[in-house]
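Quick note: the coordinates plus some simple rules give every number you see, no bench work behind them. Bear in mind the structure is a predicted one, so any value in this text is a computation, not a measurement. Positions of Cβ are generated from backbone atoms using ideal geometry, with glycine treated the same way; all protein chains shown enter the neighbour counts.
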Amino acid sequence: MNFTSSNLRLSHLILRLKYLSAVLKDRGIRYALAKFSKRLYHKLNASQTTSETQWRTGIDNTWSNDYGIGIQGWIFNTNRPLDKVEICVDGVSVPITAWHARPDVAAAHPQYKFTDNCGFSVHIPRLAEHRVTLKAESQGKSWTRTKTLAGSKPQQPRDFPEGGSLFADFIKLVNDNQLRVLEIGSRVVSPGSSSKRALFPSASFYTGFDYYPDSNTDVVGDAHRLSQYFVNQRFDAIFSLSVFEHLAMPWVVAMEIVSF
């Protein structure tokens, strides 16, 4: 439990009063001191309770590598809307600029009214450092050396096949087997582009999913919480084109896809 400086002084005063009430012989003084310390104790608890219940927060997923940390979670104030929230890691501070609905959090805290858009997904850039210690022994003697190594971004793959026919193979597989297909990022955005729905005429059904609504989107929501929108529904095939590079934490979306 965290104490402010004023709360810490109150707690020390209560301890002194309890000691005095124990050693003094006059019952009247002892009774007055005990009553006063009890009032201070209730005041201390009330101030701590008020401070601790102003905020509610939770972290659902985290991910990190040498050059970044991803955090997905939720936060709200029980008494008033939030004006600004920042997440700080290793001296790097990133503001939360995009919020999304968390109906699960709102359902879990129905007594509070500021839970509508309390969800967030943030990527915090950083370059990690690693302390590496080498230990060796020879003829009864030991040798130790420690070095600090800077993290690095992954190297670009070489001699990797283009896979130009991969999507065509996917379309054929869905149609030949009449599969249930889901597209993540179904909204028609670019001028001249068209819906991919027509590419799957023999599919059992096609469902378009996107963060924003349009005529080609059947379900609107956040892909980072994909499974929550299809609790009683399953898909045989899921695809996404030119979307993952725009996601806050694409690895979380990949985990959501696997959960199907």
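Near the amide H of S64, within less than 5 Å, lie the amide hydrogens of G70, all on another chain or at least 5 residues away, with H placed in the peptide plane. Here the spin labels are modelled as points 7 Å beyond Cα on the Cα-Cβ line, and at S204 and K147 they lie 5.5 nm apart. Between H123 and Q233, residue separation times 0.36 nm minus the direct Cα-Cα distance comes to 36.6 nm. Residue-wise HN-Hα couplings along region 108-113, as the Karplus relation 6.51 cos²θ - 1.76 cosθ + 1.60 with θ = phi - 60° gives them from phi, are 7, 10, x, 7, 10, 9 Hz; Gly and Pro carry x. On a per residue basis, the convex hull of the C-alpha atoms belonging to region 166-258 measures out at 104 Å³. For region 55-125, the direction-averaged projected area of the alpha-carbon convex hull comes to 4.7 nm².
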